Amino acid sequence: MLASRLDYPKYIRDFDAINDLGIEGAAKQAARASVVSARAAVDAASLVFAHTITDACATRFLRVTATIAPDDWGRILDEQESAALRLAAIRLRARSSQPHP
């Protein structure tokens, strides 16, 4: 069953403002809101796409540099692994010194 005209304010936010605009004004306002939403969706999708392209380029660049100079990468990875192990040891000591409930 369709709502009676008296029930519209219950279901339509800003019914009085929309009613004052008339049908054409309300349609224009709805169209503008749709365009704004569509633009926001396109902007978000473009950002995700650009991030994907940047990530792919960086990965290929790193693969090329690892192929050309693997010893340089080995040194860097060893340093990173050493730092990660030190951090893990610090965290483990911190956890073991905390009282357990």
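The values are calculated or read from the model by the stated rules, or taken from the named source; none is laboratory data. Since the structure is predicted, the reported quantities are computational estimates derived from the model, not experimental observations. Counting neighbours? That spans all protein chains shown, and the Cβs are built from the backbone with ideal geometry, glycine included.
When segment 18-48 is filtered for residues that are at pLDDT below 85 and surrounded by 10 or more Cβ atoms within 10 Å (Cβ to Cβ), the ones remaining, listed by number, are Ile18, Asn19, Asp20, Leu21, Gly22, Gly25, Ala26, Ala27, Gln29, Ala30. Among residues that are without any contact (Cβ under 8 Å) to a residue 24 or more places away in the chain and exposed (fewer than 10 other Cβ atoms within 10 Å of the Cβ), Ser96 is included.
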